[in-house]
Amino acid sequence: MRRLGITRRAGARGRTRRAVSVGVVCGAALAVLTCAGPTQAAEDRVPHWELKDSGTTDVRFRGLAAVSRNTAWLAGSKGTVLRTTDGGASWRNVSPPGAAGLEFRDVEAFDARRAVVLAIGEGEASRVYRTEDGGATWTESFRNTDARAFYDCMTFFDRRHGLALSDPVDGKFRILSTSDGGRSWKVLPDTGMPAALDGEFGFAASGQCLVAAGPKDVWLATGGGAHARVLHSADRGRTWTATDTPIPAGDPARGVFALAFRDRAHGLAVGGDYRPDQASPQAAARTADGGRSWQPAAQPPPAYRSGAAWLPYSRSAALAVGPTGTDLTTDAGRTWRTVDAGSYDTVDCTPDLGCWAAGEKGRVARLEG
């Protein structure tokens, strides 16, 4: 229940190819985001999303792994996986053979050659594939055989250790673990997992309902229950604690859709109500204590947001994206302002100052300065 696109998922409007302003962030560490004075008028000095031609308009990309400014992976509907190694100038279709009927919603990439993709769905529709040669060949490393499980997203701590999240089975969220880079997986014991709320699940909206920071810390986001919660584990998914967030819930369309942590302490949560005819007040929250407590944004995004990412080397700047626009915070999530009206589902940034976004109708863009 949880899965934009399979049952009840929000639609969004497409855009023609163009460059749109994303605003200016002042900070010496952000070379791509130049600090502009009040008299600056040169458009080419203002960072903006520059749309790249993915070669398709009938695939929705909710999975995105940014490796660098030049290399990125996309995973989407119709079993589609694309890869670029030239900054988005060209995209190679590297979809696993026979996967056309699958819904890929997450991709985690280690470099230009090694990546892991997650397909979602009931029962055996939830699968994991891995490639070590840039998508020339793929190995199916996991296929869900439990009809009660439905995998939503995954994350990696390093090149070897990773987790995948399933909606509750027998009243608790199920965690899948790998210690060999996604070559093999096992279900972790649920003895350290708190009970799920009635109707609670994860959203497979952007590949960001499960995120890690550092060698052992991981957080998962929930919706659908009476409260939108964030669960935290400090031991790679063995034991968890749950905390309520101020993001509205109480409905299958509401909750926390994405998390972003810049370190073990500082994190952002975004979400809301994905239905386009419903308002999303308090669509963002922040934490400075590793998720033990969450504070609502004083000025949240104006609508539902499904993806979030911290800008490289910044302690205060981050982006949130959704079907109706991109928002920027420069004060670590206290306030947000809309800086672009284009439709994106997910966003990811890299240490070499590369930020990418992707979404419906084959949309993919890179942040340009």
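The values are calculated or read from the model by the stated rules, or taken from the named source; none is laboratory data. On a predicted model such as this, the values are computed, not experimentally measured, just so you know. FYI the Cβ positions are ideal-geometry reconstructions off the backbone, even for glycines, and counts take in every protein chain you see.
Name every residue in region 95-131 that is surrounded by fewer than 18 Cβ atoms within 10 Å (Cβ to Cβ), under 20 Å from Asn70 (Cα atoms) and not charged (D, E, K, R), in order of residue number.
Phe110, Ala112
For a quick check of your reading of the model, give me the residue pairs whose first member lies in region 65-78 and is over 13 Å from Arg366 (Cα atoms), whose second is modelled with pLDDT under 95, with beta-carbon atoms closer than 7 Å and at least 6 apart or on different chains.
Note: pairs meeting the criteria are Ser77/Gly5.
Hey, can you tell me all the residues within region 160-192 that are free of Cβ contacts under 8 Å to residues at least 24 places away in the same chain and either in contact with a Cys (Cβ under 9 Å, 6 or more places away or on another chain) or at positive phi (or both)?
Correct list: Asp170 only.
Within region 189-205, does at least one residue satisfy the condition of being part of a loop (DSSP other than H, G, I, E, B) and touching an Asp or Glu at 6+ places or on another chain (Cβ under 6 Å)? Let's see the steps before the verdict.
First pass over region 189-205, keeping only residues part of a loop (DSSP other than H, G, I, E, B): 189-200, 202-205.
Imposing the further condition that a residue be touching an Asp or Glu at 6+ places or on another chain (Cβ under 6 Å) reduces the set to 202, 204.
Among the residues of region 189-205, at least one is part of a loop (DSSP other than H, G, I, E, B) and touching an Asp or Glu at 6+ places or on another chain (Cβ under 6 Å), which makes the answer yes.
State the number of residues belonging to region 241-254 that are in contact with a Pro (Cβ under 6 Å, 6 or more places away or on another chain) and not in a strand (DSSP E or B). Steps first, answer last, please.
Step one: of region 241-254, the residues in contact with a Pro (Cβ under 6 Å, 6 or more places away or on another chain) are 242, 246, 254.
If we keep only those that are not in a strand (DSSP E or B) as well, we get 246.
Count: 1.
Within the set of pairs 6+ apart or on separate chains, which have a first residue in region 341-355 that is under 8 Å from Ser68 (Cβ atoms), a second that is in a strand (DSSP E or B), and C-beta atoms under 7 Å apart?
Close Cβ pairs (under 7 Å, with a partner that is in a strand (DSSP E or B)) amount to Thr350/Ala66; Gly354/Ala66; Gly354/Arg366.
Working only within region 314-369, note down all residues that are on the phi > 0 side of the Ramachandran plot and not small (Gly, Ala, Ser).
Within region 314-369, Leu353, Lys361 qualify.
Could you pull out every one of the strands (runs of 3 or more DSSP E) wholly within region 49-150 that has 2 or more residues that are out of contact with any strand residue (DSSP E or B) (no Cβ under 9 Å at 6 or more places or on another chain) and within 19 Å of Asp352 (Cα to Cα)?
Because the criterion is at least 2 residues that are out of contact with any strand residue (DSSP E or B) (no Cβ under 9 Å at 6 or more places or on another chain) and within 19 Å of Asp352 (Cα to Cα), no strands (runs of 3 or more DSSP E) in region 49-150 meet it.
In region 216-240, which residues are in a strand (DSSP E or B) and farther than 15 Å from Phe261 by Cα? Let's see the steps before the verdict.
Restricting attention to region 216-240, the residues satisfying the condition of being in a strand (DSSP E or B) are 217-221, 223, 229-233.
Those that are in a strand (DSSP E or B) and farther than 15 Å from Phe261 by Cα: Gly223, Arg229.
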